[in-house]
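Data block below; observations after.
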Amino acid sequence: MPKWSHLCLVAVLLATVSCTDIDWWENASLYQIYPRSFQDSNGDGIGDLKGITSRLSYLKEIGITATWLSPVFTSPMSDFGYDISNFTDIDPIFGNLDDFDALIVEAKSLGVKIILDFVPNHSSDENEWFEKSFNRVDGYDDFYVWHDGRVNAETGEREPPSNWVSVFGGPQWTWHETRQQYFLHQFQVKQPDLNFTNPMVREHMLQVLKFWLDRGVDGFRIDAVPHIYEYRNADGSYSDEPVSGWGSNPDAYDYHDHIYTKDQPATVELMYEWRAFLDQYRAENGGDSRVLLAEAFSSVETLSAYFGNGTHLGTQLPMNFQLMYLSGYSSARDVVNSIDYWMNTMWKEHQTANWVVGNHDTNRVADRMGAHKVDLLNVIVSALPGASITYYGEEIGMSNVDVECTGDTCEDRDGERTPMQWTAGQNADFTQGQSTWLPLNPDYERFNVQTERGVARSSLNIFKGMQALKSSSAFQAFKQEGGFSYEAITEQVLQIIRTNKYSEEYRILVNMGNGLEIVEGLADKVFEYVLTTAYSPHQQGQTVDLRERILLMPYEAVVLRWVA
């Protein structure tokens, strides 16, 4: 049976709120920019703020509601900006605060909202806070997580306080010679964890949020949310984490079950504190809602708590990564199972949804699922109710690049971070310089914005067409006035229905398989084709009677609109 159909109609019959009463983020098209790789303005081969500003009109063109920027703050770049030495300044690589202010002005003139990456779990070890803390400056003594360690009963030697392993492998605890204590780092050793049990830390972070809110940002994507708090025993000690049963390397992150270093109850309360701060800021300063996205690879039950508990509101968009786990072998039923995992909890409890396509830490869709399925996933995430979150370049079908690593100069994540492909010209028009900080994909002459603008069924134009549909009455009516449903009508064919109460209905059909699919008896109505992907033999404007059979080619996706 179709799921979640006609919820809006029921709400209207019960005289609840109008379907048009949705906040901007609930149906938004969000777009992640990796600043190093979006546009270079000064010829050094590295993207920057002026470059982003020059390309904001492109985001408007393709229907983007808001874009969030990976970190642009002052940093030694040990982890490409996720190691922040100054939370309230711009790294010279990207420009300066004047450049940032100019970006905000241009974004507001275009109606594109700006969301910043917010990295609260840790700082750089080159941050002045850390220097003050290891020197025990008054007020900063416990700004980070410090511990004497424990004495090995057999050897009598000092060792780390617990067996905790960092996300990147190896111990979470490192000895500091000056301080003569261990400090905690859930990620790199150059990323010491801040101590959020200290009210002064929380106050500093609220001031960071206010600094950027005052400069006009529209929200924050919170990095590494599950790691912000750790469990400490009443006597100040830290317990060892149990073995998970996964893997055989005790220095690997997955070797332990992280019951003391992830998703602690205090982290949930912190999300409520930050949401209340943003809501209060809006009450005092006006404007649209300021939004919080939470990066948390956690269970859907935990994500539900991050959203709210019925008494307190939390992050509006706890990020949903379920569709990123699909592969080239995934069927329509697999897609439905991934959707169900979210909807059975988050929609039932909160009537909220979001769908992430990719990010800077994950292979691109063309590599995870195959280039022939890029359009299918873009259609699906735009057709589902809620917000869609696209990583730059996915709208043109960019793929990973094999980047040769030499020493410590690159990471295994560099392949999905290569420069944006704007044209078929020199260096894809990413830079006027002679080189780019990471190599361009050799296929950029085919997969680029300029070329795809001129191809009717290119990935770019499919993406733009789907974003345009999100402003239609049927797509806007997902909470009250209309309804939606989704189901696998065969093993390989996914159907999504979007409809308002009375006048508009769309059916999105996606063939995930490599064979011809025939379906019939879908509806007692006539529809017209309003969007067809490159694998489709149908043309926009053609009609089809859904009482009769409809053929779907391998990897074909179509959008049909009810006409009679």
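The values are calculated or read from the model by the stated rules, or taken from the named source; none is laboratory data. These figures come from a predicted structure and were not determined experimentally. Every residue, glycine among them, receives a Cβ derived from its backbone with ideal geometry; neighbour counts consider all protein chains shown. Only protein heavy atoms, including side chains, enter the accessible area calculation; ligands, DNA and RNA are left aside. Shrake-Rupley method; radii C 1.70, N 1.55, O 1.52, S 1.80 Å.
Observations on the model:
- Think of each Lys and Arg Cβ as +1 and each Asp and Glu Cβ as -1; about the Cα centre, that makes the dipole of the stretch 94-166 roughly 300 debye.
- Rounded accessible area per residue of the stretch 37-172, 1.4 Å, Å²: 37 Å²
- Scaled radius of gyration (Cα, divided by 2.2 N^0.38 Å) that the chain gives: 1.01
- Placing a label point 7 Å from the Cα of Gln426 along the Cα-to-Cβ direction, the residues of the stretch 45-89 whose backbone N falls under 17 Å of that point are 45-46.
- Taking every protein chain into account, the accessible area of the stretch 206-308 amounts to 43 square angstrom per residue (probe 1.4 Å).
- Sorted on the mean count of surrounding Cβ atoms within 10 Å across their residues, most packed first, peptides 240-251, 435-446 read 435-446, 240-251.
- Set of aspartates and glutamates with alpha-carbon distance to Lys525 below 13 Å, sequence-local pairs under 8 removed: Glu504, Glu505, Asp545, Glu548
- Checking the Cα-Cα distances for Lys60/Lys210; Lys60/Lys262; Lys50/Lys373; Lys50/Lys210 against a 29 Å cut-off, the pairs over it are Lys60/Lys262; Lys50/Lys373.
- With both labels modelled 7 Å from their Cα along Cα-to-Cβ, the Glu491 to Lys60 distance reads 4.9 nm.
- Among the protein heavy atoms of the chain, carbon and sulfur supply 48% of the accessible surface, probe 1.4 Å, non-protein parts ignored.
- Accessible area per residue in Å² at 1.4 Å probe, computed on the stretch 351-390: 15 Å²
- Heavy-atom accessible area order for Lys470, Lys210, Lys113, Lys50, largest first, 1.4 Å probe: Lys50, Lys210, Lys113, Lys470
- In percent, rounded to a whole number, the relative contact order of the chain is 15, using alpha-carbon pairs under 8 Å and six or more apart.
- For a label point 7 Å along the Cα-to-beta-carbon line of Glu269, residues of the stretch 179-206 with backbone N under 12 Å: 197-199
- Long-range HN-HN contacts of Val165 with modeled amide H, under 5 Å: Gln172
- Once the Cα atoms are used to define both axes, helix 374-383 deviates from the longest principal axis of the chain by about 90 degrees.
- With a Förster radius of 35 Å applied to the C-beta separation of Asp361 and Ala564, the computed FRET efficiency comes to 0.15.
- Multiplying the residue separation of Val519 and Val137 by 0.36 nm and subtracting their alpha-carbon distance yields 130.4 nm.
- Distance in nm between pseudo-label sites at Glu548 and Trp175 (7 Å out along the Cβ direction from Cα): 8.1 nm
- For Asn233 and Leu206, the FRET efficiency from 1/(1 + (r/R0)^6), where r spans their Cβ atoms and R0 equals 35 Å, is about 0.80.
- Cα gyration tensor shape of the stretch 408-564, rounded if a/c is under 1.5, else prolate or oblate by comparing a/b with b/c: prolate
- Of the peptides 134-140, 347-353, the order by per-residue mean of other Cβ atoms within 10 Å, starting with the highest, comes out as 347-353, 134-140.
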